[in-house]
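Let me begin by presenting the structure, written as C-alpha cells, before commenting on it.
The values are calculated or read from the model by the stated rules, or taken from the named source; none is laboratory data. These numbers were taken from a predicted model, which means no experiment stands behind them. In this analysis, Cβ positions are derived from the backbone assuming ideal geometry, glycine residues included, and neighbour counts consider all displayed protein chains. Ligands, DNA and RNA are stripped out before the accessible areas are found, and what is left, the full protein with its side chains, is counted by its heavy atoms. Shrake-Rupley method; radii C 1.70, N 1.55, O 1.52, S 1.80 Å.
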Amino acid sequence: MPIVLTNQGAVQEKKAAAKAGTTCYHCGEVCPDESILLDDKYFCCEGCRMVYEVLNANDLTDFYRLGPNPGTSLRAGRREQYAWLDDEGIASRLVDFENDKIAKVTFYLPNIHCASCIWLLENLYKLDSGVMASKVNFLKKEAYITYDKASLSLRKVAELLAIIGYAPAIHFGSLEEPRQQAPVDRRFYYQLGVAGFAFGNIMLLSFPEYLGLAEAGYQTWFGYLNLLLALPVVVYSGRGYLQSAWYGLRNGVLGIDLPISLGMLTLFLRSAYEIIAGAGSGYLDSLAGLVFFLLIGKWFQQRTYHRLSFERDYKSYFPVAATIRKNGEEKSIALNKLKVGDTVIIKNQELIPADGLLIRGTGNIDYSFVTGEAEPVAKRAGDQLFAGGRQMGDTLELQLTREVSQSYLTQLWNDEVFTKETAAGASEFANMVGKYFTGVVLVIALVTLFYWLPKDMGLAINAFTAVLIIACPCAAALSVPFTLGNSLTLLAGKGMYIKNTQVIENLVKIDTIVFDKTGTITDGHSARISYEGDPLSEAEEAAVRSVAYHSSHPVSQKIALLLSDHPLTEVTGFAEVTGTGVSGEVGGMKVAIGKSEKGGAQLTVNGRERGRFLLRNRFRAGLEELIAGWRQHFSMLILSGDDDREKSKLQGLFAEAEMHFRQSPKDKLDFIKQRQAEGRRVMMIGDGLNDAGALKQSNVGLVISENTNNFTPACDAILDARQFTYLPQLMTFIKWSMRMVYGAYLLALGYNIAGMSFAVQGVLSPVVAAILMPLSSLTIVLFGIGSTRMLAGRYLTKITPPRDDSHLTGE
Amino acid sequence: MKIIFFLIILSLLIALGFLAAFIWAVRSGQYDDDYTPSVRILFDDKKTDSE
C-alpha cells in the first residue's frame, strides 16, 4: 500500500468549510464571501477563479469531475518568481536532457495530491502546445516534462505550472546534487531476477536426484547444466555478499557476511568438484535457493518512503537564487555566488539566504522553522538578520556580512558530524553474532577435519565442507530483514517512519532522551490564543470576529475561531497591510487588529486600545503521561533555543537541572557529544533546522513533523506530529520487535546445531541439505512476519493511523 | 530418450526468454513507478458529456 502523507489541517478545514456554507469550487476551502462567482460557481479567491477560467478555456474541466474540489488553494497568494530560471548556469543544472529542439526536465511539485492532479498534469499539452509530453510519478510527486525549446523556456514551463497551482519547488540543493540515477536501484532487480531464474531451473533439474530416478548418463549432463546456471548466481547475484565479506576481512571486521560467503563458496566449489569428478550432483539447488532467499530478504528490508527524505540539509530548504542590486540594477543570482557586501533584496514571503545587516525596510521575520518560535520577530534598519528566516511584510534590503555557507545557522553543517561518512550497511547485532559464530564454526570444521583425517581422507574433506555448508547462517541473516523489515512497514502505517532496520537496533539501546521545546513538545501550529484587556461587549466581539474572519493571516484566523460563537456581520472598508494588521468597520465601529510591540496582537476599537490577543504554546497532548511513563526507563532532558520564559510551565515535568535554555544550534550538537562522551546513548527528539546538528550527532535522531510533505532535517526517523501521544506504545513495540530477532536467532541456532550433528559425522547428503536449508529459512521468515504481526495486534491496534485527504486512497 | 536433451534445452531457452523479458521490463522503467499507472489507466480518453 502506498504511503500517502498529506496535510491534516487542510482536510479539517475543508470539512469545516463544507458545514459552514459556500466553498470554493476549485479548492474546496471556505469562501470569505460570495463575491467571486463564475458560471454559477463560487471561488474563494481570484487565483482559484483564474485557474478555473484557464482550464475552462482549454476544455480541461474534466479536472473537476475526477474528484470533489481537487484544486490547491491559491489564496495564500505567493506567486513564485522564476526569473532566475533564465540564467543559463542554473537552467543547465536542472535540465535532464537537451538538444537543439527539445529539453526534458523533472520538477518536484509538492501540490500533487490526487488523481485529478495526475490527469491535469499529463494533459498539460492542451494548455500549451509547446509541452510535448508530461508524465507524473504520483508517489514521488514529480512531473517529467518534455518541451519544445522554440516556444517554451524552462522559466515558462515553471510559470505555466505555477499558474495552474502546481508551483515547482526548486531548492538550492538541486544545483549541487547529481540527479538521482535510477540504474543503481535497478541492478538489484537484475540480481534478484537472475537468482530466481537459476533457482527455479536448478530445482527442476535436481528433481531426478531427489526422487532417485537419476540415470548415469543424464546425471552428469544435468550436473553440468546446473553448474552453468549456478555460476551467475555466485558471481553476479551473490556478489554483494562476497564483496562485503572481502572488504570486512581486509579491514579486520568479521561480519555475518563472512560465514555466508564462506558457505556460498564452499557450496559452489564442492559441488563443482563432485560434478566434474563424477562423484555426485552437489548442492547447487541449496546454493541458488540461499542466494535467492537472501536477496528477497534484502528487497523486503529496503523501505523507501517516497516523499520522505532522511538526508536533507539546509540546502533543500533554501532557494536557488536571490535578487541582488548591483549598480542600481536588480538581477537574480545563484545563491552560491553571493558574496559578502552584496545588497540582497528580500520581498514578502522570501527567505533570508545569508546573514546580513538590514539597511532598508521593516523586518517582520518568521524564524519558526529555524528556532521553532511561532511569532515573527520585528527588526529595524541596522539590525543583524540571520539566515533562514522568512520575511512577512515589506521588501527589505540587506547587506550581507557572511556568505551562505558561513552563516550563523548554515555553518552548523561544516561540523565534522556532517562530513564524516557513517558506516552503513549490515546489522550491528548480526555482525556481532557473526563474529563469534564464524570463530566457532571454523573451530568445529577444523576439529572435524583432523578427527577424520587419519581414518579416511575422503570422508574428512566431505565432513569439513559439509560443516561449512550447513553452518552458513542464512536463516540468521534473514531474521533481521524480515522481522524488523515488517516492523518498519507496520510502524509506517501508524505514522512513524524509520530510516532502516539499524535504527531499530539503536533505539532499543537508548538510555537518554533529549527533547527540543518549541515545535517538539509544544504544538507550534495550534498555539492557543487568549484575550487580555478590557472586557468586550457582545457587539464588539462580533465585530472583531467579522473583521478577523476576512484575513488569511494565521493569527487573524485564530482570533476568528476564538470568537466563533458570534454571528458574522458585514464589514466595510476592510484593509489588510501585510506585517502590520487588519482593519475594518462594522456597524459604525472601527476595529483594528495589529501587531503589538509587547507581543501578540493589539486590538483597537474606535481608536481606543482595548487589549491584546496573546498566543500561547500548548504542550502536545499526552506529554505528561509520556514523561511520567518514561521516567523509570530513561534520563530525560530539555534543550531549547528559546529563553526560559516558559520554564515555569515545564517545572512540573522536568527538574531544574534537566532544562537547558538559550542553546544555539552548535550548543545543542556539543551537548549531545558531551553526553555521549559520558557513555550515554542519546535519542534526540526535535523538529527544526536548529536541531539538525543534535539530530545527526545523537544515536537516534527523531523528527516530529506537522506536515510530512514539508522539509524535515536529516534524521533517523520521522514521526507524524499527530501520533506523538502514541510514542510510548510505538517504543514498546520496537523493543519487542528486537526481542523477536533474538528469538529467531535462537531458532536458527537450533537448526544449525541439528544440521551440524549430521555434518560432523560426514553423512550429510544433498537431500538433507536441500531440505534443511529452505526449511530453516522459511521458518525464520514466517516467525519474523508472524511475530511482528502478533505484536502489532497487541501494541498497535489501539493507535489510529494518521488520516489523509488523498482522493486516491480514500478513507 | 534422446528427446529429453531436446526438451530440456527447449525449456531452458523459454525460461531464458522470460528472464530477458523481465530484464527488459526493469530496464524500460516499469518498476520505477508502481503506483501512478494504476491510476492513469482509469482516465477516459474521450471527454464524456457534461451534465
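Under the definition of partner shielding as Cβ atoms of other protein chains within 10 Å of a residue Cβ, what is the mean value for peptide A:138-150? Please list the in-between numbers first.
On the way: counts 7, 4, 4, 0, 2, 0, 0, 0, 0, 0, 0, 0, 0.
So the per-residue partner count for this stretch is 1.
Annotation for the range A:270-344 versus the range A:642-708: alpha-carbon center distance of 29 Å. B:Asp34 sits with roughly 120 Å² accessible to a 1.4 Å probe, with DNA, RNA and ligands left out of the calculation.
For the pair A:Lys101 and B:Ala15, what calculated FRET efficiency results from E = 1/(1 + (r/R0)^6), where r is the Cβ-Cβ distance and R0 = 51 Å, to the nearest 0.05? E(calc), rounded to 0.05, equals 0.75.
Stretch A:Tyr451-A:Glu311 to full length: gain in nm at 0.36 nm per residue minus the Cα-Cα span?
Working: separation 140, 0.36 × 140 = 50.40 nm, distance 5.41 nm.
Full-extension gain reported as 45.0 nm.
Per-residue shielding of B:37-44, expressed as the average number of other chain Cβ atoms within 10 Å of the residue Cβ, stands at 5.
How big is the charge dipole of the range A:149-298 about its Cα centre, in debye rounded to the nearest 20, if each Lys and Arg gets +1 on its Cβ and each Asp and Glu gets -1 on its Cβ? Kindly include the intermediate steps, with their values, before the conclusion.
Details: 10 positive and 9 negative charges, 137 e Å.
Around 660 debye, computed over the range A:149-298.
Packing, taken as the mean count of other beta carbons within 10 Å per residue, orders the peptides A:120-130, A:313-323 from highest to lowest as A:313-323, A:120-130. Under a model in which nothing but the beta-carbon of Lys, Arg (+1) and Asp, Glu (-1) is charged, the range A:83-175 shows a dipole of about 260 debye around its Cα centre.
Add -39500 (n - 2.57) for each DSSP H run of 4 or more in chain A, then divide by its residues: what number comes out at 222 nm, to the nearest 500 deg cm²/dmol? Don't skip to the answer; put the middle values down first.
Values: 25 runs with 331 residues, N = 811.
It lands at -13000 deg cm²/dmol.
Net charge of the neighbourhood of A:Ser153, taken over other residues with C-beta under 10 Å away and scored Lys/Arg +1, Asp/Glu -1, is +1.
How far, in nm, would the chain grow between A:Lys509 and A:Leu211 when pulled straight, counting 0.36 nm per residue and subtracting the alpha carbon separation? Mind dumping the intermediate values first?
Numbers: separation 298, 0.36 × 298 = 107.28 nm, distance 4.99 nm.
Contour length minus the Cα-Cα distance gives 102.3 nm.
A straight line joining the Cα centroids of the range A:212-251 and the range B:1-42 runs 22 Å. Here A:Ile510 sits with roughly 10 square angstrom of accessible surface, probe radius 1.4 Å.
Overall form of the range A:83-175: oblate. Here a/c, set by the Cα gyration tensor axes a ≥ b ≥ c, is 1.5 or more, and a/b is not larger than b/c. Annotation for the range A:135-153 versus the range A:532-583: alpha-carbon center distance of 43 Å.
Taking all protein chains together and a 1.4 Å probe, the residues A:Glu88, A:Glu570 rank A:Glu570, A:Glu88 from largest to smallest accessible area. Charges were assigned to the Cβ only: +1 to each Lys and Arg, -1 to each Asp and Glu. The resulting dipole of chain A about its Cα centre is roughly 1480 debye. The gain in end-to-end length when the A:Ser92 to A:Tyr273 segment is fully stretched comes to 59.5 nm, 0.36 nm per residue minus the alpha carbon separation.
For the full complex of protein chains and a 1.4 angstrom probe, list A:Leu109, A:Leu213 by accessible area with the highest value first. Could the numbers behind the result be given before it?
Working: A:Leu109 0, A:Leu213 115 Å².
From most exposed to least exposed: A:Leu213, A:Leu109.
Computed from the C-beta positions of A:Leu459 and A:Gln302, the FRET efficiency with R₀ = 41 Å rounds to 0.45. Screening chain A for whole DSSP H helices with an alpha carbon extent of at least 15 angstrom along the helix axis and a mean Kyte-Doolittle hydropathy of at least 0.5 yields A:216-232, A:257-277, A:284-301, A:428-452, A:457-470, A:727-760, A:766-795.
Of all DSSP beta bridges in the protein assembly as shown, what percent run antiparallel (nearest 5)? Working shown, then result.
On the way: 76 of 94 bridges.
If I count the DSSP bridges inside the protein assembly as shown, around 80 percent turn out antiparallel.
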